[in-house]
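*Asks:* Structure below; questions to follow.
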Amino acid sequence: MKLSFPTLCLLLALACSGAPPDLADVPDTDAPGSDAADVRVPDAPADADPDDTPPGPPGVLSLVLIPHPAMAVAALAHVVVPPDATHLSYAHAAGDELSDADEAPRVPVQAGTGPITLPLLGLAPGTANAVRVTAWSGSHRIAVSGELSVTTLPLPDGFPVVAVTTDDGSFQGTLLVSAVTKDRTAGWAAAFDRDGRPLWYHAIPRFDERAGDFQQGADGHLFVFSRQARGIEELRQDGERVRLWTDPGASLGLDGHDYHPLPDGRLLAIGRERLPDEALLADPEHLSDHEGVVGSTLDLLDAAGAVQLHVSAWPSFTPADSQVHVVIDGLVDFDHLNALAALSPTDVLASFAFLDSVARIDLAAGEVRWVLGGDRNEFRFVDDPEAGFSGQHSLQALPGGDVLLFDNGLERSPAYSRVVQYHLDEDTRTATRVWQYRATPDVFVRIGGAVQRLDDGTTLVGWSLPGRIEVVTPEGAPTFVATTSLPFYRVRWVASLIPAP
């Protein structure tokens, strides 16, 4: 929603009509337990002088609140930024009392630029929310709004519910969940706090067999794959699209199973391409009745979206290497590249689910350096009774040469899924199992699944189709368990939706 400048000035004048709040009424952002987006308030900027003289009681901060037109857990604050302001923060609480308010982290702002729009995330949906916004200069409050109210929209029908069933208090942060309806006709990229409260979401009106991942970039932008949009949407915190990423190097466009926004503004992406007809001859027994074959590409896109590096799975891998043939849009998907782990922008671990393989790929040279698992396996599995993995859907590179996988276990009988960690010795070509986790009782996840080693040494596990999220200790003890009302493709952890200044 856009406001004309005269209308905005009138609304701001009305918002400013109250008396300036007393300093004692201003919430203390350093108080324990303030976690609006499940994160702590960042410390004052490094260049702030904690010993300088406070500027006196804060003045009135001019702003207007409106409910977010497309996000029931958010509102938009149109704020006139004071000349000396360096940051803004906001407190919010359901109802009309801010005594137990959540205080969100401070957001850097550019003073003197006129009114700006500050997204307020994590509000209670379908109800009145009390809100107060604070302007900061370094470590000092210089202006505070009155206690305002905004009534948010109700959540859309079918929106995913996250119910926390186990929590010992040690898990902190935000969960990014790519949820999908059971008929796979629609989905949501949604962020939840540790209590299961939705903080942010983006509706995805069309889904198909190509799942969509949901990630956050270093600058706080959110990345969502959308087939309807024909690419990866890069969105601001207020939900507005910054850009649409496409892949000119892939003849059939981007695949949203995984991608990596890089800190320098580039994007590591998976693409799809139709292979030449000779690919059908690689496995004529299984492919002779099909129209054609689709393979994966790995592309490094520069900040302008141009292709810097392009590597095709074919012909390094052929349909003869495939363990599964799945037909999508009339074409056989033979390799199914579904997860990436970037050791560097040009040195990438790539998970090919239908090959039961992980390959290390040198994008600059366009070469496969080695293959772990599947028919092309180059490693000897050590201390792993299963002697490998199959149909894997998530991948993380760990320090010291270890690899963490969500092993779906498509080739096992009886079938069960697990998380498994291998230590890879590239010189001796050995893959030693050093850790694994299985649910109790066993769970089998046919598609999807996620795993992520967290900073404190615990491991986030997403059992996608059953809709179960766990955080487990190295000993395999769950410290956090939540269930989701909808299945999901992948779940990821981030420290905060609002990056530290």
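The values are calculated or read from the model by the stated rules, or taken from the named source; none is laboratory data. What you are looking at is a predicted structure, and each value in this text was computed from that prediction instead of being measured. Cβ sites come from the backbone with ideal geometry, for glycine too, and all protein chains shown count toward neighbours.
*Asks:* Among the residues of the stretch 471-479, is any farther than 24 Å from Ala359 by Cα and at pLDDT below 95? Steps first, please.
*Replies:* Here is the first cut: in the stretch 471-479, the ones farther than 24 Å from Ala359 by Cα are 471-479.
Restricting the remaining residues to those that are at pLDDT below 95 gives none.
Looking through the stretch 471-479, none of the residues is farther than 24 Å from Ala359 by Cα and at pLDDT below 95.
*Asks:* Does at least one position in the stretch 101-112 carry a residue that is in contact with a helix residue (DSSP H, G or I) (Cβ under 9 Å, 6 or more places away or on another chain) and over 18 Å from Ser496 (Cβ atoms)? Show your work before the answer.
*Replies:* Residues of the stretch 101-112 that are in contact with a helix residue (DSSP H, G or I) (Cβ under 9 Å, 6 or more places away or on another chain), as a first pass: none.
Within the stretch 101-112, not a single residue is in contact with a helix residue (DSSP H, G or I) (Cβ under 9 Å, 6 or more places away or on another chain) and over 18 Å from Ser496 (Cβ atoms).
*Asks:* Scan the stretch 211-251 residue by residue and report those that are touching a Gly at 6+ places or on another chain (Cβ under 7 Å) and over 22 Å from Arg492 (Cα atoms).
*Replies:* Those that are touching a Gly at 6+ places or on another chain (Cβ under 7 Å) and over 22 Å from Arg492 (Cα atoms): Arg230, Thr246, Asp247, Gly249, Ala250.
*Asks:* Related question: Among Thr430, Thr483, Thr458, Thr440, which is more than 21 Å from Ala179 (Cα to Cα) and touching a residue at least 60 places away in the same chain (Cβ under 8 Å)? Working first, answer last.
*Replies:* On the way: Thr430 fails: touching a residue at least 60 places away in the same chain (Cβ under 8 Å); Thr483 fails: more than 21 Å from Ala179 (Cα to Cα); Thr440 fails: touching a residue at least 60 places away in the same chain (Cβ under 8 Å).
The conditions single out Thr458.
*Asks:* Do you know which of the residues in the stretch 368-391 that are part of a strand (DSSP E or B) and in contact (Cβ under 8 Å) with a residue 24 or more places away in the chain is farthest from Arg453 (Cα to Cα)? Full working, then the answer.
*Replies:* Here is the first cut: in the stretch 368-391, the residues part of a strand (DSSP E or B) are 368-372, 380-382.
Keeping just the survivors that are in contact (Cβ under 8 Å) with a residue 24 or more places away in the chain gives 368, 370, 372, 380-382.
Numbers: Val368: 26, Trp370: 24, Leu372: 20, Arg380: 24, Phe381: 22, Val382: 22 Å.
It comes out as Val368.
*Asks:* I need the full set of residues from the stretch 388-408 which are at pLDDT below 95 and over 25 Å from His260 (Cα atoms), in order please.
*Replies:* Listed by number, the list is empty, since nothing qualifies.
Let's see how each residue does on (1) touching a helix residue (DSSP H, G or I) at 6+ places or on another chain (Cβ under 9 Å); (2) hydrophobic (A, V, I, L, M, F, W, C); (3) part of a loop (DSSP other than H, G, I, E, B); (4) buried (at least 20 other Cβ atoms within 10 Å of the Cβ):
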{"site": "Gly256", "(1), (2), (3), (4)": "no, no, no, yes"}
{"site": "Asp264", "(1), (2), (3), (4)": "no, no, yes, no"}
{"site": "Ile270", "(1), (2), (3), (4)": "no, yes, no, yes"}
{"site": "Leu280", "(1), (2), (3), (4)": "yes, yes, no, no"}
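*Asks:* Out of everything in the stretch 325-348 that is among the polar types (S, T, N, Q) and crowded, with 16+ Cβ neighbours inside 10 Å, what residue ends up being farthest from Val311 (Cα to Cα)?
*Replies:* Here is the first cut: in the stretch 325-348, the residues among the polar types (S, T, N, Q) are 338, 344, 346.
In the following step, the residues that additionally are crowded, with 16+ Cβ neighbours inside 10 Å were identified as 338, 346.
Details: Asn338: 15, Thr346: 11 Å.
It comes out as Asn338.
*Asks:* While we're here: Inspect the stretch 291-306 for any residue being in a helix (DSSP H, G or I), aliphatic (A, V, I, L, M) and farther than 23 Å from Phe214 by Cβ and give the result as yes or no. So that I can check it myself, show each step before the final result.
*Replies:* To start, the set of residues in the stretch 291-306 that are in a helix (DSSP H, G or I) comprises none.
There is no residue in the stretch 291-306 that is in a helix (DSSP H, G or I), aliphatic (A, V, I, L, M) and farther than 23 Å from Phe214 by Cβ.
*Asks:* Whether any residue in the stretch 232-251 is crowded, with 19+ Cβ neighbours inside 10 Å, assigned to a loop (DSSP other than H, G, I, E, B) and over 22 Å from the mean Cα position of the chain (by Cα) is what I want to check.
*Replies:* yes
*Asks:* If you don't mind, there's one more thing I want to ask. Looking at the structure I just gave you, is Val324 touching an Asp or Glu at 6+ places or on another chain (Cβ under 6 Å) and not aromatic (Phe, Trp, Tyr)?
*Replies:* Numbers: touching an Asp or Glu at 6+ places or on another chain (Cβ under 6 Å): no; not aromatic (Phe, Trp, Tyr): yes.
Answer is no for this residue.
*Asks:* Sticking with this structure for a sec: For the stretch 392-480, which fully contained strands (runs of 3 or more DSSP E) count at least 1 residues that are surrounded by fewer than 20 Cβ atoms within 10 Å (Cβ to Cβ) and over 21 Å from the mean Cα position of the chain (by Cα)? Give the steps one after another, and end with the answer.
*Replies:* Details: elements: 394-398, 402-407, 418-425, 430-437, 450-453, 459-463, 468-472.
It comes to 402-407, 418-425, 430-437.
*Asks:* With respect to the numbered conditions (1) buried (at least 19 other Cβ atoms within 10 Å of the Cβ); (2) under 22 Å from His286 (Cα atoms), which one is the sole condition not fulfilled by Leu372?
*Replies:* Single failed check for Leu372: (2).
*Asks:* If the Cβ limit is 7 Å and pairs must be 6+ apart or interchain, which residue in the stretch 156-171 that is of a type in the set (S, T, N, Q) pairs with which residue that is surrounded by 11 or more Cβ atoms within 10 Å (Cβ to Cβ)?
*Replies:* Thr165/Val481; Thr165/Ala482; Thr165/Thr483; Thr166/Pro478; Thr166/Phe480; Thr166/Val481; Ser170/Thr479
*Asks:* Does at least one position in the stretch 351-362 carry a residue that is over 22 Å from Arg492 (Cα atoms), surrounded by fewer than 20 Cβ atoms within 10 Å (Cβ to Cβ) and more than 24 Å from the chain's Cα centre (by Cα)?
*Replies:* yes
Conditions tested, residue by residue: (1) surrounded by 15 or more Cβ atoms within 10 Å (Cβ to Cβ); (2) charged (D, E, K, R).
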| position | (1), (2) |
| --- | --- |
| Ser145 | yes, no |
| Ser149 | no, no |
| Gly158 | no, no |
| Asp167 | yes, yes |
| Ser170 | no, no |
| Phe192 | yes, no |
| Asp195 | no, yes |
| Leu199 | yes, no |
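*Asks:* Now a separate question. Scan the stretch 170-191 for residues that are in contact with a strand residue (DSSP E or B) (Cβ under 8 Å, 6 or more places away or on another chain) and over 14 Å from Gly467 (Cβ atoms) and jot them down.
*Replies:* In the first step, residues of the stretch 170-191 are kept if they are in contact with a strand residue (DSSP E or B) (Cβ under 8 Å, 6 or more places away or on another chain); the result is 170-171, 173-181, 186-191.
Once the filter is applied, which keeps residues that are in contact with a strand residue (DSSP E or B) (Cβ under 8 Å, 6 or more places away or on another chain) and over 14 Å from Gly467 (Cβ atoms), the stretch 170-191 yields Ser170, Phe171, Gly173, Thr174, Leu176, Ala186, Ala189, Ala191.
*Asks:* Further question on the same structure: Regarding Thr166, is this residue among the hydroxyl-bearing types (Ser, Thr, Tyr) and farther than 16 Å from Leu65 by Cα?
*Replies:* Numbers: among the hydroxyl-bearing types (Ser, Thr, Tyr): yes; farther than 16 Å from Leu65 by Cα: yes.
Yes; evaluated as a whole, the condition is true for this residue.
*Asks:* Mind counting the residues in the stretch 159-168 that are closer than 9 Å to Phe480 by Cβ and outside any strand (DSSP E or B)?
*Replies:* Number satisfying all stated conditions: 1.
*Asks:* So, one more: Quickly run through the stretch 329-366 and pick out the residues that are in a loop (DSSP other than H, G, I, E, B) and of a type outside the set (Phe, Trp, Tyr). Please lay out each step first, then the result.
*Replies:* Residues of the stretch 329-366 in a loop (DSSP other than H, G, I, E, B): 329-330, 334-336, 345-346, 356, 363-366.
If the condition is that a residue be in a loop (DSSP other than H, G, I, E, B) and of a type outside the set (Phe, Trp, Tyr), then Asp329, Gly330, Asp335, His336, Pro345, Thr346, Asp356, Leu363, Ala364, Ala365, Gly366 are the ones that fit.
*Asks:* Further question on the same structure: I'd like to verify a number: residues in the stretch 309-328 that are closer than 21 Å to Ala365 by Cβ and part of a loop (DSSP other than H, G, I, E, B), how many?
*Replies:* So the count comes out to 6.
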